[in-house]
Amino acid sequence: GQRVGVHAVARPGAAKARRTMPAVEAKRVAVLGAAGGIGQPLSLLLKMNKCVTELALFDVAPLVKGVAADLSHCNTPVQVSAHVGDAELEACLKGCELVVIPAGVPRKPGMTRDDLFNINAGIVMNLVTACAKYCPNAILEIISNPVNSTVPIASEVLKAAGCYDPRKLLGVTTLDVVRANTFVAQAKGLDLKEVDVPVIGGHAGITILPLLSQTVPSVTFSDAERKALTSRIQDAGTEVVEAKAGAGSATLSMAYAAARMAESTLLGMQGEPNMFECAFVQSDVVPGSPFFASRVQLGPEGVAKVNGLGQLNEFEKAAMEAMLPELKAQIEKGIAFAKNPP
Ligand code: NAD
Ligand code: LMR
């Protein structure tokens, strides 16, 4: 693939297909939860992104004013604004074409992502309700956990508001791909920049399924390697939660991953033809699972095409069967919450 932005890589055949584009199109991007562990470094990376012209930072914490003041001193052309509390959601979201949502509480050791549901479900519902009202055409990228449930919640909120476009709602699973690429490159002695491993399913435990058999460049794994790498990728979030020992979960690698996802999305919106990322989206790729993460092509309106899964090996087929009941239950839990909020 060819590097087309700071993080984004267009593949395949991008070199041939790439067009000359204006350096900057007006793009207003919001980060909701911008004062947090992910929100701050993500906002910095977006302040450095040439696709962005305005960066609107929102949080319930007044610290977001300081974050915006701090970032505004970086001599990059992105205009930064700060918005605190629900009363300022309108000012934040008006005119936004992309909204990235890392608002919500993170895990502590011993917790599953589903343990965050009770707090984060309401937060996502509230924020997406505001998006439906103030930027109904924006692309929404949800980071808040549990992603397997918060994305279905968002879809129900948007449906109820009459502005649901499945191409414009994505659960961010880029960190799973980033981790898979890193761990596979390390295990196999490959160039970190060249490795690409699709990760499908969802974003929790066994619903995270790296398709190691589809690794680019083509590599072979022993049964033991395949099992160990799959588990490490599935448990990588927990690895960070334990290392941070109660002070939160992955923030810097997540900001890096979300910045890559945002950049690919913005380039797709600008007409860059070969932008592909794995994401958790509405999907009919797997019967019975209305949402599923797989590789998608990003275009002017968000998701232009949801790719199929390709050929799975026996290990991956078994892992896929094993995950489905859990994934479907987490999706249904989100839908039920949104249809009948407490
Ligand atoms: P954090 O506690 O450091 O930051 C969260 C921020 O959200 C805080 O600034 C808080 O004030 C803000 N917030 C809370 N309620 C809000 C609301 N109603 N509106 C706006 N902002 C609100 O947490 P973090 O480490 O940044 O993690 C945030 C979320 O991202 C967690 O749910 C975490 O599990 C999730 N996460 C997801 C992935 C992924 O791969 N999708 C990776 C890492 C973390
Ligand atoms: C991650 O994968 O790092 C995030 O989902 C945060 C977590 O709780 O593990």
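Laid out as a table, the results:
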read-out: Helices (runs of 4 or more DSSP H) within the stretch 49-149 that include 1 or more residues within 16 Å of ligand 2 (Cβ to nearest atom) and surrounded by 19 or more Cβ atoms within 10 Å (Cβ to Cβ); value: 117-134
read-out: The stretch 246-259, residues that are in contact (Cβ under 8 Å) with a residue 40 or more places away in the chain and within 12 Å of ligand 1 (Cβ to nearest atom); value: Gly248, Ser249, Ala250, Thr251, Leu252, Ser253, Met254, Ala255, Tyr256, Ala257, Ala258
read-out: Subset of the stretch 190-217 [touching a residue at least 12 places away in the same chain (Cβ under 8 Å) and of a type in the set (Asp, Glu)]; value: Glu194, Asp196
read-out: Residue within the stretch 303-318 that is within 16 Å of ligand 1 (Cβ to nearest atom) and of a type in the set (A, V, I, L, M, F, W, C) present; value: no
read-out: Residue identified as in a strand (DSSP E or B) and not aromatic (Phe, Trp, Tyr) among Ala329, Ala304; value: Ala304
read-out: Pairs with Cβ under 6 Å, 6+ apart, first in the stretch 172-189 and closer than 21 Å to Pro102 by Cβ and β-branched (Val, Ile, Thr), second assigned to a helix (DSSP H, G or I) and within 13 Å of ligand 2 (Cβ to nearest atom); value: Val172/Ala258; Thr174/Ala257; Val178/Ala257
read-out: Residues satisfying the stated conditions in the stretch 241-276, i.e. buried (at least 20 other Cβ atoms within 10 Å of the Cβ) and within 16 Å of ligand 2 (Cβ to nearest atom); value: Val241, Ser249, Ala250, Thr251, Met254, Ala255, Ala257, Ala258, Ala259, Arg260, Met261
read-out: Given (1) within 14 Å of ligand 1 (Cβ to nearest atom); (2) within 22 Å of Arg295 (Cβ to Cβ); (3) without any contact (Cβ under 8 Å) to a residue 24 or more places away in the chain, index of the condition Ala243 fails; value: (2)
read-out: Any hit, the stretch 218-240, residues being touching a residue at least 12 places away in the same chain (Cβ under 8 Å), of a type in the set (D, E, K, R) and within 15 Å of Thr174 (Cβ to Cβ); value: no
read-out: Unmet criterion (only one of (1) assigned to a helix (DSSP H, G or I); (2) in contact with a helix residue (DSSP H, G or I) (Cβ under 8 Å, 6 or more places away or on another chain)) for Thr182; value: (2)
read-out: Qualifying residue in the stretch 204-223 (condition: within 13 Å of ligand 2 (Cβ to nearest atom), assigned to a loop (DSSP other than H, G, I, E, B) and touching a strand residue (DSSP E or B) at 6+ places or on another chain (Cβ under 7 Å)); value: no
read-out: Hey, Ala293 closer than 16 Å to Pro210 by Cβ and either more than 17 Å from the chain's Cα centre (by Cα) or in a helix (DSSP H, G or I) (or both) or not; value: no
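Taken together, the values in this text are just the output of simple stated rules run on the coordinates, not laboratory data. Since the structure is predicted, the reported quantities are computational estimates derived from the model, not experimental observations. So basically every Cβ, Gly included, is an ideal-geometry build from the backbone, and we count neighbours across all protein chains shown.
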